[in-house]
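Participant: Right, I'll just put the structure down here and ask away after.
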């Protein structure tokens, strides 16, 4: 079904894969000798990146994007950062959507206050404002902003429009602020991996089945980490465009950097239907293109698939799960309970009466809420019933134009008459806001993630439900069986595949489009919860940090660093939001870190040092080290084996910084975007290969850090100080940094950097 090539491959005429080692075959077919350096230029990704690169050096990119997008969890912080750094107007189209905090269910007026702030910012700076519940962020950008050969930057990790010929990148807010200030996105040119699609999916096999199968094959081994996934091969031609979109958006869960697809008549039809035929151009690799690897996918062999708790890569076919229910449920349950703290997951109880039973289904958002997915679910449920038992099914269309088309063609009625609840355009089911299951329940979802607590439970308060990811078709099949887990391929269904009729007037009547027409005199509208960023101190010559959280899990998600869900209401208030930092993973982190934050404030105010910190300096001096207590930053830090998997939201890093953090220590960083977030908030992203030398509660002293960063001496010696005064030296490194990134760290954060430059 899926094969990973161990080495690079050549692609000839977009159809023939030739492994790197088979140079003679390549020469016989093309008449050319193998030259991977030259053939790399034949990828679609290379051509698009070259067209957007400002550096003139394709090894070290400095990219400018065609447009940007943010939602209502991220845009306030980005605009506040850019304002504080001197921005006067948006220099590129910037779409502000309202699809995450649109319920306005927590915190009184503060979510709607954020929306009004965004509308006022769209007027003042010349932006595009998509009102609440009109569309989720990625549906709107597909419909209105994507275009072949373009690049879009978004402050949401699932910013992916590759199937529409657009290289899109999800990043933390700092990178968007740079674009707003006329700066570039600086990045070493990524590798490109071919994803070769062959064959045709069987009826009932949907895009989530394909996406989850790919994620299961490449996530654990890091095969595409921080690379571009370039979709090629004859199998693409048989996939409807929304099918491709729904696969593409899930490439984020592989940890790739971006994606791009071959475009054809199907893509051309999409742009024509949406009234933007000029956005189409044919994209293909060159006659000869070299890729750093290849994922071969036989679409005809893909089966209905489920990603069990608690990661999209934890995949099984539904039939495999059914045939080995007790063994797999026990294994998943045991692995989950190793990760969970203070509460236990119970999946074995879901297996009874000849099947696996679930209590809830969700079809939603940028991955599940597409027109095609919802029509397929309606075809399955037409004339059937979800039942009046514990099971419930909710459907969230991705946009109002999609909902309008579903109403006009009768599919909305088919769903409602089967007992489905038809919801607004809202991203909540993807991050734990809305339709939270009851304690102990099992939910199946065509959404993007099933990380811990993504369904909204609070393990720290004894609440826990479980989420698995499935395709809309199998979710509908399960609904038709009253909650008994069912693969869509086990039902005989006549899929009608109706054409999509797009009504552009829906957006024209409600979306405010101010791009190119800023109104400098327009006043920003602030609510009481919208606060400026607090002062961030510049880096001193030496750094002293205390380990305030020590996490040994293989991977730490951004959800664990800053929870989603109810915290979303406070995203515009840095101080209040920072109180939630690591709250679900390490509830004592905040109280520990606050002590160090106050210690540095006391140091800068000349109020002296605590007895504990004075003892640390005494131990360092006794060990023969020179120290300058009055001129050394004091902060907190965390260690995690691999932090930062998942969301792009910058608050995973900024909350630590607001709470007093000055660094992260890790064996590796799960994603580029989290590491970039640390850098943009002035936290040095240390790498350490022997973290056993220190533990929770130890102090770490890094002498000469500022000088080392500026002089590019990235291999350092740090010193761990135990509570008993024992001092142990250990090596650490910083990893590759651009010159601006070095200056951002020593200036203390991106805001300081722009103020100083």
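The values are calculated or read from the model by the stated rules, or taken from the named source; none is laboratory data. The structure displayed is predicted, hence computed values, not measured ones. Counting neighbours? That spans all protein chains shown, and the Cβs are built from the backbone with ideal geometry, glycine included.
Participant: Mind counting the residues in the range 489-508 that are without any contact (Cβ under 8 Å) to a residue 24 or more places away in the chain, closer than 24 Å to residue 410 by Cβ and outside any loop (DSSP other than H, G, I, E, B)?
Facilitator: Total satisfying the criteria: 1.
Participant: Assuming residue 250 fulfils every condition listed in (1) touching a strand residue (DSSP E or B) at 6+ places or on another chain (Cβ under 8 Å); (2) closer than 30 Å to residue 642 by Cβ apart from one, which condition is it?
Facilitator: Against the list (1) touching a strand residue (DSSP E or B) at 6+ places or on another chain (Cβ under 8 Å); (2) closer than 30 Å to residue 642 by Cβ, residue 250 comes up short only on (1).
Participant: Considering only residues that are modelled with pLDDT of 90 or more and under 20 Å from residue 560 (Cβ atoms), which ones fall in the range 333-349? Lay out the reasoning, then the answer.
Facilitator: Here is the first cut: in the range 333-349, the residues modelled with pLDDT of 90 or more are 333-337, 344-349.
Within the range 333-349, 333, 334, 335, 336, 337, 344, 345 qualify.
Participant: Here are 6, 24: which of them is loosely packed, with under 14 Cβ neighbours inside 10 Å, within 28 Å of the chain's Cα centre (by Cα) and at pLDDT below 95?
Facilitator: Numbers: 24 fails: within 28 Å of the chain's Cα centre (by Cα).
The match here is 6.
Participant: Do the conditions hold for residue 481, that is, is it farther than 30 Å from residue 401 by Cβ, buried (at least 16 other Cβ atoms within 10 Å of the Cβ) and more than 29 Å from the chain's Cα centre (by Cα)?
Facilitator: So residue 481 fits the description; yes.
Participant: So, one more: What do you reckon, is residue 319 assigned to a helix (DSSP H, G or I), on the phi < 0 side of the Ramachandran plot and in contact (Cβ under 8 Å) with a residue 24 or more places away in the chain?
Facilitator: Details: assigned to a helix (DSSP H, G or I): yes; on the phi < 0 side of the Ramachandran plot: yes; in contact (Cβ under 8 Å) with a residue 24 or more places away in the chain: yes.
So residue 319 passes the test.
Participant: Residues that are more than 22 Å from residue 244 (Cα to Cα), part of a loop (DSSP other than H, G, I, E, B) and in contact with a strand residue (DSSP E or B) (Cβ under 7 Å, 6 or more places away or on another chain): does the range 350-357 have at least one? Don't jump to the end; show me each part of the working.
Facilitator: Filtering the range 350-357 down to residues more than 22 Å from residue 244 (Cα to Cα) leaves 350-357.
Restricting the remaining residues to those that are part of a loop (DSSP other than H, G, I, E, B) gives 353-354.
Now narrow it down to the ones that are in contact with a strand residue (DSSP E or B) (Cβ under 7 Å, 6 or more places away or on another chain): none.
Looking through the range 350-357, none of the residues is more than 22 Å from residue 244 (Cα to Cα), part of a loop (DSSP other than H, G, I, E, B) and in contact with a strand residue (DSSP E or B) (Cβ under 7 Å, 6 or more places away or on another chain).
Participant: May I ask you to verify whether residue 673 is assigned by TED's automatic domain parsing to the domain that holds residue 752, within 30 Å of residue 221 (Cα to Cα) and crowded, with 24+ Cβ neighbours inside 10 Å?
Facilitator: Working: assigned by TED's automatic domain parsing to the domain that holds residue 752: yes; within 30 Å of residue 221 (Cα to Cα): yes; crowded, with 24+ Cβ neighbours inside 10 Å: yes.
For residue 673, the condition - assigned by TED's automatic domain parsing to the domain that holds residue 752, within 30 Å of residue 221 (Cα to Cα) and crowded, with 24+ Cβ neighbours inside 10 Å - is met.
Yes/no per residue for (1) under 29 Å from residue 324 (Cα atoms); (2) surrounded by fewer than 24 Cβ atoms within 10 Å (Cβ to Cβ):
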site	(1), (2)
343	yes, yes
346	yes, yes
366	no, no
372	no, yes
383	no, yes
400	no, yes
414	no, yes
429	yes, no
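Participant: Inside the range 7-24, can you point out the residues that are under 20 Å from residue 37 (Cβ atoms) and touching a residue at least 12 places away in the same chain (Cβ under 8 Å)? Please lay out each step first, then the result.
Facilitator: To start, the set of residues in the range 7-24 that are under 20 Å from residue 37 (Cβ atoms) comprises 7-12, 17-24.
Passing the criteria: 7, 8, 9, 10, 11, 12, 17, 19, 20, 21.
Participant: On to the next question. Being free of Cβ contacts under 8 Å to residues at least 12 places away in the same chain and not in a loop (DSSP other than H, G, I, E, B) is the filter; apply it to the range 611-655 and report the residue that is nearest to residue 594 (Cα to Cα).
Facilitator: Of everything passing the filter in the range 611-655, 612 is nearest to residue 594 (Cα to Cα).
Participant: So, one more: Could you look through the range 50-63, keep only residues that are surrounded by 18 or more Cβ atoms within 10 Å (Cβ to Cβ) and touching a helix residue (DSSP H, G or I) at 6+ places or on another chain (Cβ under 8 Å), and pick out the one that is nearest to residue 126 (Cα to Cα)?
Facilitator: 63
Participant: Then there is this: With the requirement that a residue be surrounded by 15 or more Cβ atoms within 10 Å (Cβ to Cβ) and at pLDDT 95 or above, what does the range 714-732 give you?
Facilitator: Matches in the range 714-732: 716, 718, 719, 720, 721, 722, 727, 730, 732.
Participant: Considering every residue within the range 590-603, establish whether at least one is touching a helix residue (DSSP H, G or I) at 6+ places or on another chain (Cβ under 9 Å), modelled with pLDDT under 95, surrounded by fewer than 20 Cβ atoms within 10 Å (Cβ to Cβ) and under 23 Å from residue 659 (Cβ atoms).
Facilitator: Taking every residue of the range 590-603 in turn, none turns out to be touching a helix residue (DSSP H, G or I) at 6+ places or on another chain (Cβ under 9 Å), modelled with pLDDT under 95, surrounded by fewer than 20 Cβ atoms within 10 Å (Cβ to Cβ) and under 23 Å from residue 659 (Cβ atoms).
Participant: Right, next: Go through the range 398-418 and report how many residues are under 20 Å from residue 444 (Cβ atoms) and either in contact (Cβ under 8 Å) with a residue 60 or more places away in the chain or outside the structural domain of residue 357 (by TED's automatic domain parsing) (or both).
Facilitator: Going through the range 398-418 one residue at a time, the tally reaches 2.
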